[in-house]
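The structure appears right after this line, and notes come after that.
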């Protein structure tokens, strides 16, 4: 997430975490784009 103009902007999500789960746990204004990619980790 990034904070812009007093709102949280969702940029990506952790593996296995849904956008709906993030929405339910965010206590503030959340801006969600049409597509939120899942984070990738390289070993």
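The values are calculated or read from the model by the stated rules, or taken from the named source; none is laboratory data. Computed from a predicted model, the values in this text were never measured in an experiment. Don't worry about glycine lacking a Cβ; one is built from the backbone with ideal geometry, like all the others, and counts go over all protein chains shown.
For residue 16, the conditions (1) surrounded by 14 or more Cβ atoms within 10 Å (Cβ to Cβ); (2) assigned to a loop (DSSP other than H, G, I, E, B) are fulfilled apart from (1). For region 1-13: of the residues being assigned to a loop (DSSP other than H, G, I, E, B) and surrounded by 10 or more Cβ atoms within 10 Å (Cβ to Cβ), which is modelled with the lowest pLDDT? So the residue we want is 1.
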